[in-house]
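Contents: one structure, followed by commentary.
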Amino acid sequence: MSLGSPARSPWDVAADILDPPVDPYRHDPALWVGDVLGEHLWSKQVEIMESVRDNAQTAVPACHGPGKSFVAARIAAWWIAIHPPGTAKVLTSAPTFYQVKSILWGELATTHAKGKLPGRMNTTEWWIGDTMVAFGRKPKDPAKAGPAMTRSLTFRARTPTTCWSSSTRPAESRSRSGSLRSCC
């Protein structure tokens, strides 16, 4: 409560605890990018973000350089931002460690700094307190890089297709695919 704002009744406080107000960003990643980062996304980037939000898998077939890593970094940051600390994870992978560290995590570091997001980052890890909320790896078998935690978001860079997988329950079978193209 700030100075000058009216005192809240205990009933209002209890109501917010039992039925929290809706987070406007939870269902609108493009709004989060606009408000938190001050960036404007073009229509295809919004479509990609909405597909990741709405589908278990999204693949983005595109050439080199159109901004897949840019939008992937914003999706990853949005995913962490809309979940309470420690309840969501982001896993990123790419065919080479250079791509993980320099390309995607370079974009993610820019996003983290620009949005003044919580926690600290190194070249391939994002920590909030003592909890690692995101990490990047180059797996031995990229096909086996998948969600390992509840509420996880997995980003796999492949040339020329980029895939995102989201999961809220790792044991649940997923069959829905993004409208852009089914992943893997």
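Every number here is computed from the coordinates shown, using simple stated rules; none is lab data. All figures in this text were calculated on a predicted structure; none of them were measured in a lab. Positions of Cβ are backbone-derived with ideal geometry, glycine not excepted, and every protein chain shown enters the neighbour counts.
Structure notes:
- Residues residue 22 and residue 64, FRET efficiency given R0 of 30 Å [Cβ-Cβ distance, rounded to 0.05]: 0.20
- In this simple spin-label approximation, residue 11 and residue 137 carry label points 7 Å from Cα along the Cα→Cβ vector, and these lie 5.2 nm apart.
- Proximal aspartates and glutamates to residue 116, defined as alpha-carbon separation beneath 18 angstrom and excluding residues fewer than eight positions away on the same chain: 35, 39, 107, 125
- Residues 26, 120, 53, 74 arranged by fewest to most Cβ contacts within 10 Å: 120, 26, 53, 74
- Backbone geometry of region 35-49 corresponds, through the Karplus equation with coefficients 6.51, -1.76 and 1.60 at θ = phi - 60°, to 3J(HN,Hα) couplings of 6, 7, 9, x, 10, 10, 9, 7, 4, 5, 5, 5, 4, 4, 4 Hz, x marking Gly and Pro.
- Net +/- balance of residues flanking residue 110 in space, Cβ distance below 13 Å, scoring K and R +1, D and E -1: +1
- In nm, spacing of pseudo-spin labels at residue 35 and residue 122 (7 Å Cα→C-beta vector): 3.4
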